[in-house]
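Asker: Input: one structure, supplied below.
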Amino acid sequence: MFESPVYVVTIILALLAFAEFLSLITKAWVPSLLVIMAGYLVLLWGGVLPPDLIPKSALTTVGAVLVGAVITHMGTLIPLQQIKTQYKAILIALTGIVFGAILILVVLSPILGYPTAVAGTGPVTGGLIAYLITTQKLTEAGFDSLIAVAAIVLGLQSLVGLPLANVLLRKYATKMRDRGDFDVPATGMDTSGPGHAGEVDPAVAAGAVLERAPRRSFQLVPAKYQQPSILLFLLFVAASLATWLDALTGLNYGVWALLLGLAGRVLGIFPEKAMEKANAFGFGLIAVIVVIMASISTVTFATVKATIGPAILILVVGAVGIMLGGWLASKIFKWDPLKGMPIALTALFGFPGDFMLCQEVSRSVGRDERERTAIFDELVTPMLVAGFTTVTTASIVVASILVTTL
């Protein structure tokens, strides 16, 4: 059965679809990545899947090739207009992940060892790509046993970040409500539009929030030429250039790909959300997740048992550092720390968890539709911008820098 590639891909996609289904019905409280990695390991350890099935699959090869293009795409996601209006939220989020990384390295390096601390720090500050960059370097440096640390951190991070952010945002919203800050009519999005605090598609609504600024009128590559094949070609040119610059400078290709994506967007070479415009991001993300699955194919139960303690310790210390950084930056920018700390914690869960959290808080704290809409509008933009900044940008930079020190 496993000799046919179509069967292999079907099995892989079945696991991914099941994980996505669980995440959707639990409103992102059960992370899809946790289900994917835990499910895959159970199938491996139970003898259902051979350990070399996914590493040798064609989809893994495709995913490895697509990583550079996906990171370049993430550079085109950076909300340039929102950076101007939400710079305080961005700086609070950045301060949080810097403090988190520093606290992990300073406190845990003497206890767990520097390579172990680095293995967990990259994923703590962000998501998929930070994990991939970290595990690739761990493999190259001969620290294969530490891949389990990064994988556990990646799988469990939202289970730590979401409850903490939930409690803090509820306290902030309740505090504002009780002192009458929402007694005036809400001036945010129309309650019938995509930002409404009710049941809506998170991707559509988040896009509406982040696209309030006017679009670029100039594109170096005109819209009529922004066809899938041309956009994919440009993305792979950027990925190839990033790989060459990595070899030339020693700075990880992830940073270069991110910068090239951002520069291409500014110069009008790439449209916003370039890979989505090429109708390739969904498949690209699935292929990258398969690369993550392949990276843990050699992880045994004994390895997980030995590394789960250090991974949880890294998560706890990292979360404390992120909150401490968020609190300090909030004080500097004269924001309420009850708002600033959850913004920093978006590094641990990102989208769609940040959007869904704003929905849940506004629904539970608001006493009527006017209050619910006002609370949602108060929270959603800084949370989304901070989440995109940490997960798609800052974490890649942090992970890329740290792995060069191994």
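Asker: Under the classification rounded if a/c is under 1.5, otherwise prolate if a/b is larger than b/c and oblate if not, where does region 1-74 fall, given a ≥ b ≥ c as square roots of the Cα gyration tensor eigenvalues?
Answerer: On the way: a/c = 2.02, a/b = 1.08, b/c = 1.87.
It is oblate, given that a/c is not under 1.5 and a/b is not larger than b/c.
Asker: Suppose R0 equals 35 Å. What FRET efficiency, 1/(1 + (r/R0)^6) with r the Cβ-Cβ distance, do Tyr7 and Thr405 give to the nearest 0.05?
Answerer: Details: r = 42 Å, r/R0 = 1.21.
Calculated transfer efficiency: 0.25.
Asker: For Leu315, Leu164, give me the order by solvent-accessible area with a 1.4 Å probe, most accessible first, ignoring ligands, DNA and RNA. Let's see the in-between values first.
Answerer: Details: Leu315 5, Leu164 60 Å².
Sorted descending by solvent-accessible area, the residues read Leu164, Leu315.
Asker: About its Cα centre, what dipole magnitude does region 315-378 give when the only charges are +1 on Lys and Arg Cβ and -1 on Asp and Glu Cβ, stated in debye to the nearest 20? Can you show the working numbers first?
Answerer: On the way: 7 positive and 8 negative charges, 43 e Å.
Dipole size: approximately 200 debye.
Asker: Put a dot 7 Å past each Cα toward the Cβ at Ser229 and Ile332; how far apart are the dots in nm?
Answerer: About 5.0 nm separates the two model spin labels.
Asker: Let's test the formula: R0 of 22 Å, r as the Cβ-Cβ distance of Thr85 and Leu220. What FRET efficiency results, to the nearest 0.05?
Answerer: 0.30
Asker: Next question, about the same structure. Residue farthest toward the positive end of the dipole of region 292-406, with Cβ of Lys/Arg at +1 and Asp/Glu at -1: which of Ala399, Ile314, Trp335?
Answerer: The residue sitting farthest along the positive end of the dipole is Ile314.
Asker: When the dipole is taken about the Cα centre of the chain, and only Lys, Arg (+1) and Asp, Glu (-1) are charged at their Cβ, what size is it in debye, to the nearest 20?
Answerer: On the way: 25 positive and 23 negative charges, 145 e Å.
Around 700 debye, computed over the chain.
Asker: Assigning unit charges at the beta carbon (Lys, Arg +1; Asp, Glu -1) and nothing else, what dipole magnitude in debye, to the nearest 20, does region 263-406 show about its Cα centre? Don't skip to the answer; put the middle values down first.
Answerer: Values: 11 positive and 10 negative charges, 51 e Å.
For region 263-406, the charge dipole is close to 240 debye.
Asker: Set the bar at 31 Å for Cα to Cα. Now go through Lys224/Lys339; Lys175/Lys273; Lys84/Lys339 and name every pair that lies beyond it.
Answerer: Numbers: Lys224/Lys339 43 Å; Lys175/Lys273 37 Å; Lys84/Lys339 19 Å.
Result: Lys224/Lys339; Lys175/Lys273 exceed 31 Å.
Asker: Also: Between Val106 and Ala302, what FRET efficiency follows from the Cβ-Cβ distance if R0 is 30 Å, with the result rounded to 0.05? Don't jump to the answer; show the numbers that get you there.
Answerer: Working: r = 30 Å, r/R0 = 0.99.
Efficiency, from the Cβ-Cβ distance: 0.50.
Asker: Next question. Along the charge dipole of the chain, pointing to its positive end and built from +1/-1 on Cβ of Lys, Arg, Asp and Glu, which listed residue (Pro382, Met356, Ile269) has its Cα farthest out?
Answerer: Pro382
Asker: Computing the accessible area with a 1.4 Å probe over protein heavy atoms, can you report the carbon and sulfur percentage for the chain? Let's see the in-between values first.
Answerer: Details: 11710 of 16970 Å².
The nonpolar share, carbon plus sulfur, comes to 69 percent.
Asker: Could you order Glu369, Glu20, Glu272 by accessible surface area, starting with the largest, using a probe radius of 1.4 Å? Present the calculation step by step, with values, prior to reporting the outcome.
Answerer: Working: Glu369 70, Glu20 90, Glu272 40 Å².
From most accessible down to least: Glu20, Glu369, Glu272.
Asker: Sorted by packing (mean other beta-carbon atoms within 10 Å per residue), highest first, where do 229-238, 286-295 land?
Answerer: Values: 229-238: 18.2, 286-295: 23.1.
Per-residue mean Cβ counts within 10 Å order the peptides as 286-295, 229-238.
Asker: Which residue, Val118, Ala17, Leu53, has the largest displacement toward the positive end of the dipole of the chain when charges sit on each Cβ (Lys, Arg +1; Asp, Glu -1)?
Answerer: Val118
Asker: How much length, in nm to one decimal, is gained on full extension between Leu248 and Phe18, taken as 0.36 nm per residue of separation minus their Cα-Cα distance?
Answerer: Values: separation 230, 0.36 × 230 = 82.80 nm, distance 4.20 nm.
Difference between extended and current length: 78.6 nm.
Asker: Could you pull the accessible area for Tyr225 with a 1.4 Å probe, rounded to 10 Å²?
Answerer: Near enough 110 Å² of accessible area.
Asker: Further question: Which length gain, in nm to one decimal place, applies between Tyr114 and Glu140 when the Cα-Cα distance is subtracted from 0.36 nm times their residue separation?
Answerer: Values: separation 26, 0.36 × 26 = 9.36 nm, distance 1.62 nm.
Going from the current span to full extension adds 7.7 nm.
Asker: Further question on the same structure: When the solvent-accessible surface of protein heavy atoms is calculated with a 1.4 angstrom probe, in what order do Val48, Val70 fall, highest first?
Answerer: Details: Val48 85, Val70 0 Å².
In descending accessible area the options line up as Val48, Val70.
Asker: At a probe radius of 1.4 Å, what is the per-residue accessible area of Val160, in Å² to the nearest 10?
Answerer: 40 Å²
Asker: Continuing with this model, one more query. Stick to Cα atoms and the Kirkwood definition of Rh, then tell me Rg/Rh for region 59-150. If you can, show how the numbers build up before the last one.
Answerer: Details: Rg = 15.7 Å, Rh = 15.0 Å.
Reported Rg/Rh, Kirkwood definition of Rh: 1.05.
Asker: Does region 242-309 come out rounded, prolate or oblate by the C-alpha gyration tensor, with a ≥ b ≥ c the root eigenvalues, rounded set by a/c under 1.5 and, if not, prolate when a/b is larger than b/c and oblate if not?
Answerer: Values: a/c = 3.39, a/b = 1.75, b/c = 1.93.
Oblate is the answer for region 242-309, as a/c is 1.5 or above yet b/c matches or exceeds a/b.
The values are calculated or read from the model by the stated rules, or taken from the named source; none is laboratory data. In this text the structure is predicted, and so the values were computed from the model without any measurement. Because the Cβ atoms are built from the backbone with ideal geometry, glycine has one as well, and the counts that use them run over all protein chains shown. Each accessible area value is taken on the protein alone, full model and side chains, heavy atoms only, with ligands, DNA and RNA left out. Shrake-Rupley method; radii C 1.70, N 1.55, O 1.52, S 1.80 Å.
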